[in-house]
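Engineer: Handing you this structure, nothing more for now.
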Amino acid sequence: MSHRETPPSRRFQEGSGDLAGRSETPAAGGREALRGDRGAENPLPFISVIVPNWNGARFLPGCLESLRSQRYGRFEVLVVDNGSTDGSDHLVPERFPEFRLVRLECNKGFAAAVNEGIRRSEGDLVALLNNDAEAEVDWLERLADAALRHPEAGFFACKILLYDRRDVIHSAGDFYSKDGVPGNRGVWQVDRGQFDREEWVASACGGASAWRRTLFEDVGLFDESLFMYCEDVDMSLRAQLRGHRCLYVPSARVYHRLSATGGGETASFYCGRNFITVAVKNLPGGIIRRYLGALIGTQLRFAVHSMRHLRERAARARLRGQMAGLLEMPRTLDRRRAVQAGRKVPEAYLLSLLREAESTLERS
């Protein structure tokens, strides 16, 4: 393992930890050729692509083949394996020796896997890609171009389409509503070009996005206590609070198999818990006071709906998640104080992001 700068424990705060019990399989040959010239005179950003994996043997080869086919030359790929038991970790060195494999001893969740990849990566840009997603051949090229044209942008959202219905949108950048519920712009809409304009959005989906390394050095890493679901929303809001804007890049296209390695009860529990945690942690006091009725009302509606469907395991999981969110409130409030103390933008800017969510819903 090598790092260009100071040790990660000094550079990154949120979710940091030591590397005990983790191992890395280095790329065999060809890595320098893949990375290209990293000299300071080269203006093109070097990109680290991080692919978190847990038992993704069915999908990981397609994901990695799409990265192998990228036209952009200045990148590395790190597959961070969360203790898979289906052999998917072995296929990386066997079939994709030019990519790096980082092994974690057990399933530590999406956020921990991504964080480990960030610590071990070298890129000026860090791109995230789900193991059940496949990128178009110019995906990295488009992200690099956007990063060069918009130095004022801290992170970048992609156009994500359904894998099996490639004319249907899953996300055209994400939004965050005044009731504390995140969402995907354009979700389930047929792609007719209505989201083909570059524009500023509130949030980027962790399944396909890019982030400047300087953003992580300023904001910290993903919150590992969230484990999975909404960790990208949390990071996006924390970044926005620090003044890092998110640019939606519609030409950077990815195709995603929905909930191929998640969903069901797992999603219900973590969304039930993390919706509460993310809102309390990140929304400034004035916004919480303004929209307290909407925030509480939405949680009550979720709870009532779940109680009406108690025979369903997902409904019971949602209720357990909401209860966990309430029980963890003291810890969340501690983290809130740190986040709000570092806020650099006025509440009016955050309000504008919430209002953009309303206009997005009207377009849906």
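None of the figures in this text is laboratory data; all of them are computed from the coordinates on show. Please read all numbers here as calculations on a predicted model, not as lab measurements. Using ideal geometry, Cβ is built from the backbone for each residue, glycine included, and neighbour counts are taken over all protein chains shown.
Engineer: HN-Hα J couplings of the stretch 297-305 from phi, Karplus 6.51/-1.76/1.60, θ = phi - 60°, integer Hz, Gly and Pro as x?
Structural biologist: x, 5, 5, 5, 5, 4, 5, 4, 4
Engineer: Same structure again: Pick out, in residue order, every one of the chymotrypsin sites (Phe, Trp or Tyr not before Pro) in the stretch 145-178 that is DSSP loop and has at most 15 other C-beta atoms within 10 Å; say none if there are none.
Structural biologist: Details: sites: PHE155, PHE156, TYR163, PHE175, TYR176; in loops: TYR163.
Here no chymotrypsin sites (Phe, Trp or Tyr not before Pro) fit, given the DSSP loop and packing criteria.
Engineer: Nearest 5 percent is fine: what portion of the DSSP beta bridges confined to the chain is antiparallel?
Structural biologist: 50
Engineer: Sticking with this structure for a sec: Between 0 and 90 degrees, rounded to the nearest ten: what's the tilt of helix 264-282 against the longest Cα principal axis of the chain?
Structural biologist: In the chain, helix 264-282 runs at an angle near 80 degrees to the longest axis.
Engineer: Just to confirm the filter: which GluC sites (Glu not before Pro) across the stretch 120-152 are DSSP coil and have at most 10 other Cβ within 10 angstrom of their Cβ? Spell out each step's value before the answer.
Structural biologist: Values: sites: GLU122, GLU134, GLU136, GLU141, GLU152; in loops: GLU122, GLU136, GLU152.
Taking the stretch 120-152 and a limit of 10 other Cβ atoms within 10 Å, the loop GluC sites (Glu not before Pro) found are GLU152.
Engineer: OK, next. Across the stretch 87-104, in residue order, what do the Karplus-derived ³J(HN,Hα) couplings come to in whole Hz, using 6.51 cos²θ - 1.76 cosθ + 1.60 with θ = phi - 60° and x for Gly and Pro?
Structural biologist: Whole-Hz 3J(HN,Hα) from phi for the stretch 87-104: x, 5, 5, 6, 6, 5, x, 6, 10, 9, x, 6, 9, 9, 10, 10, 9, 9.
Engineer: A follow-up question, please. Would you mind ranking TYR255, TYR248 so that the residue whose beta carbon has the fewest other beta carbons within 10 Å leads the list?
Structural biologist: Details: TYR255 21, TYR248 25.
The order, fewest Cβ neighbours first, is TYR255, TYR248.
Engineer: Expressed as an acute angle from 0 to 90° and rounded to the nearest 10, what is the orientation of the C-alpha long axis of helix 329-341 relative to the principal long axis of the chain?
Structural biologist: Its long axis makes an angle of about 70 degrees.
Engineer: I need the calculated FRET efficiency for the pair ARG166 and TRP200, taking r as the beta carbon distance and R₀ as 25 Å, to the nearest 0.05.
Structural biologist: Values: r = 26 Å, r/R0 = 1.04.
After rounding, the FRET efficiency stands at 0.45.
Engineer: For Rg/Rh (Cα atoms, Kirkwood Rh), the listed values are (i) 1.81; (ii) 0.95; (iii) 1.11; which was obtained by calculation from the structure presented?
Structural biologist: Checked against the structure: label (ii).
Engineer: If I fit a long axis through the Cα atoms of helix 231-241 and take the longest principal axis of the Cα atoms of the chain, what angle between them do I get, 0 to 90°, rounded to 10?
Structural biologist: With rounding to tens, the tilt is 80 degrees.
Engineer: For the residues HIS244, HIS305, what sequence is obtained by ranking on other C-beta atoms within 10 Å, fewest first?
Structural biologist: Working: HIS244 22, HIS305 12.
Exposure proxy ranking, most exposed first: HIS305, HIS244.
Engineer: Based on DSSP, what percent of beta bridges with both residues in the stretch 68-207 are antiparallel, to the nearest 5? Before the final figure, lay out the partial values.
Structural biologist: Numbers: 8 of 13 bridges.
About 60 percent, rounded to the nearest 5.
Engineer: Suppose every K and R has +1 on its Cβ and every D and E has -1 on its Cβ; what is the size of the dipole of the chain about the Cα centre, in Debye to the nearest 20? The partial results should precede the final answer.
Structural biologist: Details: 52 positive and 48 negative charges, 244 e Å.
Rounded to the nearest 20 debye, it is 1180 debye.
Engineer: Within the set LYS178/LYS281; LYS178/LYS344; LYS281/LYS344; LYS108/LYS178, which residue pairs have Cα atoms separated by over 25 Å? Present the calculation step by step, with values, prior to reporting the outcome.
Structural biologist: Numbers: LYS178/LYS281 14 Å; LYS178/LYS344 20 Å; LYS281/LYS344 16 Å; LYS108/LYS178 31 Å.
Long pairs (Cα-Cα over 25 Å): LYS108/LYS178.
Engineer: So if each residue of separation counts as 0.36 nm, and I subtract the Cα-Cα distance between GLU152 and VAL187, what length gain in nm does that give? Spell out each step's value before the answer.
Structural biologist: Numbers: separation 35, 0.36 × 35 = 12.60 nm, distance 2.71 nm.
Full extension from GLU152 to VAL187 adds 9.9 nm.
Engineer: How much mean residue ellipticity at 222 nm does the chain get from its helices, if each DSSP H run of length 4 or more adds -39500 (n - 2.57) and you divide by all residues, to the nearest 500 deg cm²/dmol? Mind showing how you got there, number by number?
Structural biologist: Values: 14 runs with 154 residues, N = 364.
Helix-only estimate at 222 nm: -13000 deg cm²/dmol.
Engineer: Counting other Cβ atoms within 10 Å, which trypsin sites (Lys or Arg not before Pro) in the stretch 281-322 have at most 11 and lie in a DSSP loop? Please list the in-between numbers first.
Structural biologist: On the way: sites: LYS281, ARG289, ARG290, ARG301, ARG308, ARG311, ARG313, ARG316, ARG318, ARG320; in loops: ARG311.
Here the sparse-neighbourhood loop sites are ARG311.
Engineer: If one computes the Cα centroid of the stretch 90-118 and of the stretch 251-310, what distance in Å separates the two points?
Structural biologist: Taking the Cα centre of each part, the stretch 90-118 and the stretch 251-310 sit 28 Å apart.
Engineer: Can you sort LYS344, LYS178 by how many other beta carbons sit within 10 Å, fewest first? Kindly include the intermediate steps, with their values, before the conclusion.
Structural biologist: On the way: LYS344 11, LYS178 20.
Going from least to most buried by this count: LYS344, LYS178.
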